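The values are calculated or read from the model by the stated rules, or taken from the named source; none is laboratory data. Please read these numbers as outputs of a predicted model, since none were measured by experiment. Neighbour counts are summed over all protein chains in view; Cβ atoms, including those assigned to glycine, are modelled from backbone coordinates with ideal geometry. These area figures cover heavy atoms from the full protein model, side chains too; ligands, DNA and RNA do not enter into them. Shrake-Rupley method; radii C 1.70, N 1.55, O 1.52, S 1.80 Å.
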Amino acid sequence: MTDSPEQDYDPGDVAVIGMSLRAPGARTKEQFWDNLVHGRESVSFLAKDDIHVDETLIHSPFYVRACGVLDTYDKFDPSVFGISDRMAAAMTPENRLYLESAWESLEDGGYDPDRLTAEIGMYGANNPQTAALYSSPPDRVSVGPEAIEASLAWSPDTMTSNALYYMGLTGEAITVAAVCAGFHYAVHLACQSLLLGQSDMAIAGGSMVRLPHPRGHLWEENRILSRDGHCRPFDANGTGTALSSGVVTMLLKPLGRAVADRDHVYAVVRGSAVNNNGVSAMAYGLAQPERLSACIAAAMEVGGVTPDTVSMYEANGLGLPVTDELEVHAATMAFGKQTATTSIGGVKGNVGHGGVVSGGFGAVKAALALYHRTLPATINLTEVNQDLDFPATPFVPQIEGAAWEPEAGIRRAGVTSIGGGGYNAHLLLEEAPAPARRAPEAAGRPRLATLSAMDDDALARQRARLRERLEADPGLRLDDVCYTLNLGRKVMGRRWAAVVRSREELIAALSDEAGAASATSPVTTASTAAAPRADAGAFTRNDRGILPAGRDAEALASLAAAWVTGLQVDFEALHLGEDGRRVPLPTYPFQPRRFWRTDW
């Protein structure tokens, strides 16, 4: 990272430079966004045989067989982290999901944990109940010292420290307990650490697995769980929400430094605030309008923005008329009277209520809405609740998807999260600054692209996923792709490299199984499985590895051959003086296996 970040940005702004998500119906943030813009509901309606709860409960007339199912809740790829199968089984599903998601966020931001010397703060929320439901804790007296290792895998408290340890990072590790506002609290604390200079980058998020999984819920009058399993935010016929599971993490960095480091920025955290209702609560566990309003207003004050410039409000939106009314009233007090109109929506209609990660679903929705300049529709909203009196508020329900054209000239979104026990939290997000202009990419210049994985099967999937991304996004520049691959991915045992002069050549090389140059193709590829041994003595080296002898095709081909056979390369020297930027590319293709434990 650079030592002299640009100073043209507010020192309180924090950039979101990487994101990872797994949600019902979506294994990636891209699938999640596609579901949102196409108005898909990802709550599943289960067969009785799929539900693992007491038989009498299933047959209750008030039992609702609806759930936001996370299809990878019991799977994990321990090999990437050097974790034994025994330890993987002992780890709670939330610990495992958070670890993989944190890895994906770092890779999505274009950073290799092995090349980071910075302090990385790790902040996350989980559900303490999951650990008890997954497996009874070990008895240290009868099991002995071995229980210490197992309990660290089992404990909710060590989720973030485990992530630092297994990713080979150092920094703060704070596991947050703030019930359903947990994700927002994690981001808030991460931003505080960054702004105080305690961390250089931070990963913040939440992980939630409802056990037994999958399962439905019991409906009770005037409680937050839906009578029919559908969540209908702001709808007159809403009866609450369904329960769901998922994981979300974000990679954060002060905006000025992110710009100087040529990071890709999805959105900017302009302000954040948290508070608690305390004794002033209307009823313990319900939103208290004055306290929630104060929280929303505080986030805007911290960010130095006025309410009329915030044109998207992503609500907590439980879909229960009484809670929706309290929230809309609170937000209206915070926004005050204004002429601008603010879109209001709720993602729980799509994915249900994810507990500690529910705010993460809303935050990713808002960040991607800013990034794509699009306002997704709030689904299941067919009859607006007239008691909300939207015409007397600054808010307009987002019933249909639309291009985001703000009256204030800048896109900003507020995201609210409310937790039982009086927890309130609000994030104020802003669109990323326009990247600095640069010269067009030099045509025909040879470049080196590298990929690596734990085994040949994962390497083949790496190639296929990168090829698909290049074909789907013609705006990706070759220099940015190579810069990100060479400097932003952990180097593993099975390797592949190509020397190419264009995106088209790279796509062809990724598709070519033979992997050899010919008279009709200028592409040179090499792989661990086929490359001959390179002579390490033929290269100049420094402490970071061998150095390129030049940047022509022949020199890069020699460097590729050396790298795929196991030699360490100083890729920073290769890209010195270039203006490549980190761009989002496919992350590691984990090969998850089922791990489950019911006894010690």
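Just the number, please: Stokes-Einstein D of segment 368-452 in µm²/s, Kirkwood Rh from C-alpha pairs, 4 °C, 1.567 mPa s.
Details: Rh = 17.5 Å.
Translational D for this selection: 74 µm²/s.
Of the beta bridges DSSP finds with both residues in the chain, what % are antiparallel, to the nearest 5? Can you show the working numbers first?
Numbers: 58 of 81 bridges.
So the antiparallel bridges amount to about 70 percent of the total.
Would you mind classifying segment 339-409 by shape? Square roots of the alpha carbon gyration tensor eigenvalues, ordered a ≥ b ≥ c; an a/c under 1.5 is rounded, otherwise it is prolate if a/b is larger than b/c and oblate if not. Each step should come with its number before you reach the end.
Details: a/c = 1.84, a/b = 1.12, b/c = 1.63.
The shape class here is oblate.
For a distance above 46 Å, tell me the whole-number percent of Cα pairs in the chain that qualify. Cα-Cα pairs in the chain separated by more than 46 Å: 17 percent.
Here's the list of aspartates and glutamates a cross-link from residue 490 could span, going by alpha-carbon distance under 15 Å and ignoring same-chain residues fewer than 8 apart: 100, 104, 107, 108, 112, 114, 455, 570, 572. Separation of segment 365-417 and segment 53-131 by C-alpha centroid, Å? If you average the Cα positions of each part, the centres end up 30 Å apart. Model label sites at residue 384 and residue 442, defined 7 Å from Cα along the beta-carbon direction, differ in position by 5.7 nm. With label points built 7 Å along Cα→Cβ from the Cα atoms of residue 333 and residue 52, find their separation and express it in nm. The two pseudo-label positions are separated by 4.4 nm.
With charges only on Cβ, +1 for K and R and -1 for D and E, what is the dipole size of the chain about its Cα centre, in debye, rounded to 20? Don't skip to the answer; put the middle values down first.
On the way: 52 positive and 73 negative charges, 153 e Å.
In debye, rounded to 20, the chain gives about 740.
Share of the chain's accessible area from carbon and sulfur, percent, 1.4 Å? The nonpolar share, carbon plus sulfur, comes to 51 percent.
Excluding same-chain neighbours fewer than eight residues apart, the lysines reachable from residue 348 by a Cα-Cα span under 21 Å are 29, 365.
Per residue, the average separation of C-alpha pairs within less than 8 Å and at least 6 apart gives the chain a relative contact order of 19 percent.
Based on protein heavy atoms only, the chain ends up with 40 Å² per residue of surface accessible to a 1.4 Å probe.
Mean residue ellipticity, 222 nm, helices only, the chain: the sum of -39500 (n - 2.57) across DSSP H runs of n ≥ 4, divided by residue count and rounded to 500, is -9000 deg cm²/dmol. A cut-off of 5 Å between modelled amide H atoms, ignoring neighbours fewer than 5 places along the same chain, links residue 342 with 395, 396.
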